[in-house]
1. How much accessible surface does A:F105 have with a 1.4 Å probe, in Å² rounded to 10?
2. If I histogram all Cα-Cα distances within chain B using bins 5 Å wide from 0, what percent of pairs lands in each bin?
3. Show which aspartates and glutamates lie in cross-link reach of B:K56 when reach means a straight Cα distance below 15 angstrom and same-chain residues fewer than eight apart are skipped.
4. Which pairs, out of A:K22/B:K54; A:K36/A:K71; B:K37/B:K68, put more than 27 Å between their alpha-carbon atoms?
5. Hey, can you find the accessible area per residue of chain B for me, probe 1.4 Å, expressed in square angstrom?
6. Need one number: buried accessible surface between chains B and A, 1.4 Å probe, both sides summed, DNA, RNA and ligands left out, in Å² to 100.
7. Just want to confirm a number: the relative contact order over chain B, from Cα pairs under 8 angstrom separated by 6+ residues, in percent.
Amino acid sequence: DTAVSQTPKYLVTQMGNDKSIKCEQNLGHDTMYWYKQDSKKFLKIMFSYNNKELIINETVPNRFSPKSPDKAHLNLHINSLELGDSAVYFCASSRQGLAGGGEQFFGPGTRLTVL
Amino acid sequence: DQQVKQNSPSLSVQEGRISILNCDYTNSMFDYFLWYKKYPAEGPTFLISISSIKDKNEDGRFTVFLNKSAKHLSLHIVPSQPGDSAVYFCAASASGTSYGKLTFGQGTILTVHP
């Protein structure tokens, strides 16, 4: 009965490869997010989708492309992986329309290592 | 430009005592603040929040205080328990901006000793 799930949990790959991370939430939320936690441990928002529509895109390289097939899923595809993409990526979800942002529920994270 | 800062990377406290975690912000548009707790190899979990119309919010052992004039908030945990040992993130958002965009601090590692 996991609320927000991500696959895979660990991903090790070579520079230049293309990879995807999948996220699913079973909370009935309308809004989903991708965050990146870098080596300095900062959690920074990358994208947000509301009802399959992109609403936040935070100056992320074009190599990152989110895809939301339905409001319960938000996948992250990364092309031409670079060393600097190594990080932990978290998916999150929240209900629509909460004042002040509201509570977001996070997945367990995907640790991406680019060699 | 780090708009939310947690200046203490770590805090060590004895079980049963009070833990006080601090957070400062610079963006005056922020009007909603949250604390998240994170265990290793897990995602952050929501702990407590406060709106800018309040200066205090309490939930069991956890109390968040907001000082808008100082742009400062703090999380008090009383009494602290070993299970509280985790990384604590402060986050802030501005209503009226994009849906739910949270800006996080860099976290404070809390260790509660038995």
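The values are calculated or read from the model by the stated rules, or taken from the named source; none is laboratory data. Everything quoted here is computed from the prediction, not taken from an experiment. Note: accessible area is taken over every heavy atom of the protein model, side chains too, but ligands, DNA and RNA are not part of it. Shrake-Rupley method; radii C 1.70, N 1.55, O 1.52, S 1.80 Å.
1. Solvent-accessible area, nearest 10 Å²: 80 Å².
2. 2, 13, 24, 25, 20, 10, 5, 1, 0
3. B:D31
4. Working: A:K22/B:K54 38 Å; A:K36/A:K71 21 Å; B:K37/B:K68 23 Å.
Result: A:K22/B:K54 exceed 27 Å.
5. On the way: 5380 Å² over 114 residues.
I get 47 Å² per residue for chain B.
6. Values: alone 6320 and 6480 Å², together 10920 Å².
Heavy-atom accessible area buried at this interface is about 1900 Å².
7. On the way: 275 pairs, mean separation 42.0, N = 114.
Once normalised by length, the contact order is 37 percent.
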